[in-house]
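Scroll down for the structure; my scribbles are underneath it.
The values are calculated or read from the model by the stated rules, or taken from the named source; none is laboratory data. Worth saying up front: this structure is predicted, and the values here are computed from it rather than measured. When we count neighbours, we look across all protein chains shown, and the Cβ atoms used for this are built from the backbone with ideal geometry, even at glycine.
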């Protein structure tokens with residue numbers, strides 16, 4: 001990124017020193033002495049490298065080795081466009097020499113994008129000479145100027161986008177007018193400034209900021225890149241939020257030669273989690289289905305002439321999309337704005353008016369059963385074409401057309417569910433508290449669904465909290481909550497009862513193995529909360545009230561599991577009592593342990609005198 005002017009009136013006039021460095025910079029550019037470096041960008045869902053950001057260094061024996069000095073001198077001596085073009089040429093050649101197939105992210109300032117050197121460099125013929133196709137290049141717009149022509153920037157970006165390039169917005173949150181630029185540019189990628197990533201595991205304000213940006217990105221169809229990931233704790237939060245991509249020293253520093261795979265140990269950092277623990281992943285009310293969104297919109301058969309479609313839109317100003325259905329089966333969708341824009345063009349009515357609407361309908365539609373949960377539907381929407389949010393989706397009943405749903409209505413319902421859930425969320429972990437836990441248990445009992453309740457409790461936690469401080473104690477609790485989420489899938493539920501007590505509701509057949517995996521992960525990772533001396537001793541010492549030294553074991557995790565077949569329990573109160581008993585049995589064992597209540601449970605007999 002380019003340095004910003006040091007004063008409100010722009011850079012100071014060049015002096016002799018700056019002039020000399022400016023001449024050196026010209027020689028560096030002319031002699032092709034720039035040194036390309038590459039930093040990996042990881043897909044946080046798969047752990048694979050999605051692409052590389054191209055970074056640049058000057059000659060190692062020069063004051064211009066530092067990129068900050070390099071671009072500062074370019075700014076002061078009017079060489080920004082020439083330097084950026086030279087950087088891109090060097091980075092393209094170096095990346096092609098590596099033979100890697102991933103995308104290359106290139107930083108370009110707004111004022112440079114429409115200049116002749118870039119229009120020439122990014123011509124398709126020139127790119128082919130370098131061994132590139134446009135779809136492998138992402139143009140990162142670096143917002144380094146307090147004012148620039150938004151209209152000109154958007155026109156230039158759209159020109160390159162039309163040729164197949166993707167557009168990214170760099171350092172969101174740091175620049176002068178980031179949100180406006182986002183709304184104007186509509187980039188395919190949004191890179192969040194490292195300020196909002198560093199320490200997010202300990203900062204609820206940063207967490208809320210990231211959550212809001214994630215939601216906006218989902219609406220606009222942009223992929224989010226979290227920059228500056230250096231700590232495992234921050235990575236865990238970024239993953240929990242469901243952000244797409246990550247970049248930072250944790251994954252690799254900029255290097256002259258891009259490495260084809262993630263650095264050793266990275267797969268161990270990445271966790272396969274359903275989605276953010278504090279978001280819709282734990283809103284699992286089976287009554288909240290797509291049927292809530294159903295709008296009764298009469299469909300049209302595919303042979304309907306387009307003049308009738310135009311008439312239908314004219315008669316109903318609120319109608320946004322019309323489904324096209326053949327013999328009960330959805331085959332397409334006609335969106336008002338797309339259709340009206342096309343028909344408004346010269347001679348379109350004459351060409352298309354009498355032709356069947358199947359010619360103009362959008363066949364890439366999203367079709368879901370009306371029983372689909374809103375949670376699952378929201379995942380489908382986010383992972384599919386962003387047009388489904390704007391144009392709507394089709395709902396079926398027994399495979400046949402039932403009605404339509406809109407992205408607006410879906411977002412409203414999800415928001416209401418999240419508000420209800422957040423009202424009872426634990427403020428430390430963001431996990432659901434007692435009210436949603438009890439609601440979930442009673443719902444499964446009512447549905448006569450089999451499940452397993454696991455009461456999880458930290459052993460020897462109070463002395464750890466007293467000796468190491470509540471701040472470190474909070475970190476242990478938050479980390480434990482994330483571990484529980486990591487072993488669960490979409491059909492499971494994780495709640496935070498309070499303090500160091502958690503509850504998992506598991507419905508997967510391999511629930512016992514998941515509990516063992518949880519204990520193994522806890523034991524493998526808890527060492528970060530203790531010093532090497534404490535780990536060697538297997539504990540630590542503190543004084544009691546009588547100033548006597550007392551030895552405390554390392555923190556452990558006990559799990560008491562109770563199986564709940566249909567009809568075995570009448571309410572969440574009975575389950576809570578049984579789970580508490582199982583947890584006590586687990587805590588009787590040494591170290592982290594799992595106790596499973598194996599006694600068979602049958603449905604209680606009906607009370608005498610009742611049918």
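For residue 565, work out the one condition from (1) modelled with pLDDT under 90; (2) farther than 26 Å from residue 237 by Cβ it doesn't fulfil.
(1)
From the residues in region 51-64 that are under 35 Å from the mean Cα position of the chain (by Cα) and in contact (Cβ under 8 Å) with a residue 24 or more places away in the chain, which one is surrounded by the fewest Cβ atoms within 10 Å (Cβ to Cβ)?
55
Hey, can you tell me all the residues within region 377-398 that are more than 15 Å from residue 335 (Cα to Cα) and in contact with a helix residue (DSSP H, G or I) (Cβ under 9 Å, 6 or more places away or on another chain)?
Selection gives 377, 378, 379, 380, 381, 382, 395, 397.
If you check residue 233 against the conditions, is it in contact with a helix residue (DSSP H, G or I) (Cβ under 6 Å, 6 or more places away or on another chain), touching a residue at least 40 places away in the same chain (Cβ under 8 Å) and assigned to a helix (DSSP H, G or I)? Working first, answer last.
Working: in contact with a helix residue (DSSP H, G or I) (Cβ under 6 Å, 6 or more places away or on another chain): yes; touching a residue at least 40 places away in the same chain (Cβ under 8 Å): yes; assigned to a helix (DSSP H, G or I): yes.
So residue 233 passes the test.
Here are the criteria: (1) part of a strand (DSSP E or B); (2) more than 35 Å from the chain's Cα centre (by Cα). Tell me which single one residue 504 does not satisfy.
(2)
Go over the candidates 444, 484, 431, 458 one by one and state the one that is closer than 17 Å to residue 204 by Cβ and buried (at least 16 other Cβ atoms within 10 Å of the Cβ).
431
Name every residue in region 322-354 that is under 16 Å from residue 396 (Cα atoms) and in contact with a helix residue (DSSP H, G or I) (Cβ under 8 Å, 6 or more places away or on another chain), in order of residue number.
Within region 322-354, 322, 324, 331, 332, 333 qualify.
Could you tell me which numbered condition residue 343 fails, if it satisfies all but one of (1) within 25 Å of residue 222 (Cα to Cα); (2) modelled with pLDDT of 90 or more?
All conditions are met except number (1).
Under 8 Å between Cβ atoms, at least 6 apart or on separate chains: pull out the pairs that start in region 276-305 with a residue that is surrounded by 20 or more Cβ atoms within 10 Å (Cβ to Cβ) and end on any residue that is in a loop (DSSP other than H, G, I, E, B) and at pLDDT 95 or above.
none
Before we move on, is residue 105 surrounded by 17 or more Cβ atoms within 10 Å (Cβ to Cβ), at pLDDT 85 or above, assigned by TED's automatic domain parsing to the domain that holds residue 254 and within 30 Å of residue 479 (Cα to Cα)?
no
Here is a yes/no grid of residues against (1) free of Cβ contacts under 8 Å to residues at least 60 places away in the same chain; (2) in contact with a helix residue (DSSP H, G or I) (Cβ under 9 Å, 6 or more places away or on another chain); (3) part of a strand (DSSP E or B); (4) within 18 Å of residue 162 (Cβ to Cβ):
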| site | (1), (2), (3), (4) |
| --- | --- |
| 78 | yes, yes, no, no |
| 84 | yes, yes, no, no |
| 91 | yes, no, no, no |
| 106 | yes, yes, yes, yes |
| 113 | yes, yes, no, yes |
| 118 | yes, yes, no, yes |
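Would you call residue 401 assigned to a strand (DSSP E or B), modelled with pLDDT of 90 or more and in contact with a helix residue (DSSP H, G or I) (Cβ under 6 Å, 6 or more places away or on another chain)?
When the stated conditions are applied, residue 401 does not pass them.
Which condition breaks for residue 412 when tested against (1) at pLDDT 90 or above; (2) not in a strand (DSSP E or B)?
(1)
When the residues of region 324-339 are narrowed to those that are more than 31 Å from the chain's Cα centre (by Cα) and part of a strand (DSSP E or B), which ends up surrounded by the most Cβ atoms within 10 Å (Cβ to Cβ)?
Result: 324.
Listed residues 569, 529; which is more than 28 Å from residue 428 (Cβ to Cβ), in contact (Cβ under 8 Å) with a residue 40 or more places away in the chain and touching a helix residue (DSSP H, G or I) at 6+ places or on another chain (Cβ under 8 Å)?
None of the others qualify; the one that does is 569.
Out of (1) modelled with pLDDT under 85; (2) surrounded by fewer than 20 Cβ atoms within 10 Å (Cβ to Cβ); (3) over 29 Å from residue 428 (Cβ atoms); (4) in contact with a strand residue (DSSP E or B) (Cβ under 8 Å, 6 or more places away or on another chain), what's the single condition that is false for residue 223?
(1)
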